[in-house]
Amino acid sequence: ALLSLGTDLRPLDILSEVVPTSGLARGMRVFQVQGVRGFQLAASRPRALGFPASRLFIHCDRFPEEFSIIVTLRVLSVPAKRNEYVFTLMAEESPSVLVGLRYVTLGSRPPCTKQEKARFWFNASRRGLYLCNGSAWISMLEVKQRLDYLEEYQNLVTNSETMGVEVFTIPNVGLFAATANRYTPPGSAIYKWTDGKFVPYQNIPTYQAQSWKYFTIGKKIFLAVANFEQNDRGQEFSVIYKWSRRKEKFITYQRITTHSARDWEAFVIEGEAFLAVVNHREGNNHNIDSVIYRWNPRTGLFETNQTIPTSGAYDWEFFTIGPYSFLAVANTFNGTSTKIYSHIYIWLSGSFQLFQSILTFGAADWEVFSIGDRVFLAVANSHSYDSGMPAPSNFYAINSSIYELNITAQMFVKFQDLLTYSALDWEFFSVGDDSFLVVANSFDGFTFSVNSIIYRWQGYEGFVAAHHLPTVGCRDWEAFHTVEGSYLLYSSAKEPLSKVLKLKTT
């Protein structure tokens, strides 16, 4: 055990004060486990190893205001309901404990009354340190959950291949997942989390649906689908559905003309609600406008607010930094090349204006996330193709990149490159104090059966591969939590089967 006083003084080895220089004291013996030596203390003589504090505080008759204790324990076998002090500070010539570190392994937690005030309790099973305040144990230090591994939890059979999935919670109703399915009929499905798994809840006619977006405006609840193809009558539009509390299902609310729509993004700026659609192409022309719609509270409809030129775009990502609002577009293909600029726009004076352009390679997704006070933006690069350049050895094995906001330079700068295989989606999630990114690898140039990878944040090392997950044509990842635990849901664009994985933590 080491006692550290304040911040500038050297650590003191308490054991060296306990162990006589002539040899071991009674009730002690040297113990060695896996090359590490330590002292084994007899529980039958708990106070035989005490010593007066005056040995440490030679010129001070008061206990220091600030101190820390480091204790290393190895317990090989412990009887049930063991409850003892590892360290105590006692008044000289008195049996009363002033400060104590209590070790409890099994049984109920020790009492915390005025008599135990200022005593510590180490809970071995929860690996937590608690302080008694005279009435309750206050957590001082507790080990957070850590991701250990993932298990296949549910095979979710879908109507057809799934281009995207949206997980959302309707207050006082439940947790849902909406899958954007390829074929009509039968269209796309909404599933409800029931008895620990997703079960079919509602079917909605869609036309090669690409994605869903859940959002609310006041008490109104909406779900918008991005349709890629025309309907049976040759009309091409995407649809906003509204939740009916009476019918307990989504009903058609507003149709909006779109052009091979890929994605919707919903956001609020200065109290006003907006909805942005990504138009991928019109006929064979990929260089077209994508549109930002503003909610008109008077008419209760979305109306065109701004158009932004995009190139075969796949994704919008909205985020805020301080008082500023941003909208990033993933431009994918301009008709001749996937090596094109994707753009980040900033909201200024009532509209989005260009903030920064970043060179991307068939960009399919932007994911913004924060770790501490650092802001990152990850792009999923799917395809490296340029009609005017020699073909690469592999169009699909390319780097996807993570950018970090540099406050001083007022721009995003490249932080890390990660090798991906036709990456189509990034999803950020946390377990305890750990941060993770999972990538949807969809195709390696030879097969759609490719491992998607979970990367763990390692500080100065950046993101490091931690788990390899077998996936087939992986298109989208969603992280979600229930009272039963934490999960990842992935959708497959190559088979009518999506999967729920449960995060197993230690």
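The values are calculated or read from the model by the stated rules, or taken from the named source; none is laboratory data. Everything numeric here is computed off the predicted structure, so don't read it as measured data. Every residue, glycine among them, receives a Cβ derived from its backbone with ideal geometry; neighbour counts consider all protein chains shown. Surface accessibility is based on the protein's heavy atoms, side chains included, excluding ligands, DNA and RNA. Shrake-Rupley method; radii C 1.70, N 1.55, O 1.52, S 1.80 Å.
The residues in the range 232-283 that are polar (S, T, N, Q) and exposed (fewer than 14 other Cβ atoms within 10 Å of the Cβ) can be counted, and the count is 4.
Residues that are in contact with a Phe, Trp or Tyr (Cβ under 7 Å, 6 or more places away or on another chain) and open to solvent by 30 Å² or more (accessible area, probe 1.4 Å) were ranked within the range 487-506; the one that is nearest to Phe176 (Cα to Cα) is Lys499. Look at the range 447-462: where a residue is of a type in the set (Gly, Ala, Ser), no partner that is in a helix (DSSP H, G or I) sits 6+ places away or on another chain with Cβ atoms under 6 Å.
Among the residues making up the range 131-160, those that are of a type in the set (Phe, Trp, Tyr) and either in a loop (DSSP other than H, G, I, E, B) or more than 30 Å from Asn203 (Cα to Cα) (or both) are Trp137, Tyr149. Residues that are over 20 Å from Asn279 (Cβ atoms), of a type in the set (D, E, K, R) and not in a strand (DSSP E or B) do not occur anywhere in the range 337-349. Reported count of residues in the range 126-175, each being in contact (Cβ under 8 Å) with a residue 24 or more places away in the chain, charged (D, E, K, R) and surrounded by fewer than 17 Cβ atoms within 10 Å (Cβ to Cβ), is 5. A single entry from Asn334, Asn305 fulfils the requirement of being surrounded by fewer than 24 Cβ atoms within 10 Å (Cβ to Cβ), in a loop (DSSP other than H, G, I, E, B) and modelled with pLDDT of 95 or more: Asn334. Please enumerate the residues belonging to the range 310-331 that are in a strand (DSSP E or B) and small (Gly, Ala, Ser). Listed by number, the residues that qualify are Ser311, Ser325, Ala328, Ala330. Within the range 192-216, which residues are within 15 Å of Thr162 (Cβ to Cβ), of a type in the set (A, V, I, L, M, F, W, C) and either within 25 Å of the chain's Cα centre (by Cα) or not assigned by the TED database to the domain that holds Asn231 (or both)? Residues satisfying the conditions are Phe198, Trp212.
Checking each residue in the range 283-302 for being more than 19 Å from Val239 (Cβ to Cβ) and either outside the structural domain of Arg255 (by the TED database) or in a strand (DSSP E or B) (or both) picks out Asn285, Asn287, Ile288, Asp289. Residues being assigned to a strand (DSSP E or B) and touching a His at 6+ places or on another chain (Cβ under 8 Å) are entirely absent from the range 162-184. The lone criterion from (1) under 15 Å from Asp365 (Cβ atoms); (2) surrounded by fewer than 13 Cβ atoms within 10 Å (Cβ to Cβ); (3) not aromatic (Phe, Trp, Tyr) left unmet by Glu484 is number (1). All of Tyr149, Tyr85, Tyr191 fail the test of being of a type outside the set (S, T, N, Q) and at pLDDT below 80, apart from Tyr85. For the criterion of being aliphatic (A, V, I, L, M), open to solvent by 10 Å² or more (accessible area, probe 1.4 Å), over 26 Å from Ser160 (Cα atoms) and out of contact with any Cys (no Cβ under 6 Å at 6 or more places or on another chain), Ile292 fails. Taking the range 360-402 as the range and being more than 20 Å from Asn441 (Cβ to Cβ) and open to solvent by less than 60 Å² (accessible area, probe 1.4 Å) as the test, the residues that pass are Val368, Ile371, Val375, Asp386.
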